[in-house]
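Take a look at the structure set out below.
The values are calculated or read from the model by the stated rules, or taken from the named source; none is laboratory data. What you are looking at is a predicted structure, and each value in this text was computed from that prediction instead of being measured. Don't worry about glycine lacking a Cβ; one is built from the backbone with ideal geometry, like all the others, and counts go over all protein chains shown.
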Amino acid sequence: MATYAIGDVQGCHDALQRLVQHIRFDPTIDRLWFVGDLVNRGPDSLEVLRYVKTLGGSARTVLGNHDLFLLAVAEGVVDLRAKDTIHDVLEAGDRHELLQWLRQQPLHVLEPPFFMVHAGLLPQWTVAEATSLARQVETALSGPDYRATLQTIFHDKATTWNPTLQDSTRLATIARVLTKLRACTPSGEMSNFSGPLQEIPSGYEAWFNILGRRSADTTLITGHWAALGLHIEPNLLAIDSGCVWGRQLTAVRLEDRRVFQVDGLARP
């Protein structure tokens, strides 16, 4: 039995199929952990969702910002942009079933010594605190008022985290951290920066490089930061290696941290 963490697929179904063949994945004994962003920007979001859903208990996935965006578009909360490639899901006959399954997925997976989220954790959050905060958003997304929660996430002004935040602003800020964080200040002020590590603006640092980070005793598995690329440290597996941008799709076997990769989407 082996568990493989897989980076941002983003609709690259062909690359995903080549990767599972490369690792010789056996759904009867192995498990796949998807770090989020199953959909968008690549050509086959529909087939990726169908495949991961059929894996049942052999797969675990956390929601990424593109997955939340798909749910929001489907509910009329936000509009499609020219660069989005999720039309196949929105027009599918099994759309309702797939979206119902997607919004039941968590924002975190905790299985010591590993903790998986799409983007990262603020330096002041412990893993226990992050788990509790993630569950607040998960409960709202999986409940009957999920459309209002999506409206909150995409239209309420997420602010710098403060434990006294309430209601919609609290949910929006938690979701922003878990699905969009790359760089922040030591106090937890987030940047919208998305470039390479060496170009982070003055005053900010990669979230995982903040001294005194309170989650440093757990190995975090994340994606989201394609410009960072595959980045492995003793307590970090950052595995978005830019599949949809023509680089690689990565799997890391958690038992021994062996890295497996296949070439990603060929870009014109």
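Within the stretch 63-85, which residues are β-branched (V, I, T), in contact (Cβ under 8 Å) with a residue 60 or more places away in the chain and closer than 23 Å to Q151 by Cβ? Walk me through how you get there before you give the answer.
The first filter runs over the stretch 63-85 and keeps only residues β-branched (V, I, T), leaving 73, 77-78, 85.
Pick out the ones that are also in contact (Cβ under 8 Å) with a residue 60 or more places away in the chain and you get 77-78, 85.
Answer for the stretch 63-85, where residues must be β-branched (V, I, T), in contact (Cβ under 8 Å) with a residue 60 or more places away in the chain and closer than 23 Å to Q151 by Cβ: V77, V78.
Scanning the stretch 116-167 for residues that are free of Cβ contacts under 8 Å to residues at least 60 places away in the same chain, over 21 Å from G36 (Cα atoms) and either β-branched (V, I, T) or part of a helix (DSSP H, G or I) (or both) returns A148, T159, T160, T164, D167. Go through the stretch 238-250 residue by residue and tally those that are in a strand (DSSP E or B) and surrounded by fewer than 24 Cβ atoms within 10 Å (Cβ to Cβ). Within the stretch 238-250, residues that are in a strand (DSSP E or B) and surrounded by fewer than 24 Cβ atoms within 10 Å (Cβ to Cβ) number 1.
So that you can scan it fast, the table gives a plain yes or no per residue for (1) touching a strand residue (DSSP E or B) at 6+ places or on another chain (Cβ under 9 Å); (2) assigned to a helix (DSSP H, G or I); (3) under 14 Å from W101 (Cβ atoms):
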| site | (1), (2), (3) |
| --- | --- |
| D8 | yes, no, no |
| L16 | yes, yes, no |
| D26 | no, no, no |
| L32 | yes, no, no |
| N40 | no, no, no |
| L46 | no, yes, yes |
| L49 | no, yes, yes |
| K53 | yes, yes, yes |
| D67 | yes, yes, yes |
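Name the single residue that is farthest from L181 (Cα to Cα) among those in the stretch 218-258 being in contact (Cβ under 8 Å) with a residue 24 or more places away in the chain and charged (D, E, K, R). Taking the candidates together, the pick is E255. Total residues in the stretch 168-194 satisfying the condition of being of a type outside the set (D, E, K, R), in a loop (DSSP other than H, G, I, E, B) and under 16 Å from G64 (Cα atoms): the figure is 3.
Condition check ((1) farther than 19 Å from L121 by Cβ; (2) modelled with pLDDT under 95) across all residues:
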{"position": "V177", "(1), (2)": "no, no"}
{"position": "G223", "(1), (2)": "no, no"}
{"position": "L230", "(1), (2)": "yes, no"}
{"position": "V262", "(1), (2)": "yes, no"}
{"position": "R267", "(1), (2)": "yes, yes"}
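Taken over the stretch 195-218, the residue count meeting the criterion of being under 18 Å from the mean Cα position of the chain (by Cα), surrounded by fewer than 20 Cβ atoms within 10 Å (Cβ to Cβ) and not in a loop (DSSP other than H, G, I, E, B) is 1. For G195, the conditions (1) within 28 Å of N162 (Cα to Cα); (2) in contact (Cβ under 8 Å) with a residue 40 or more places away in the chain all hold with the exception of (2).
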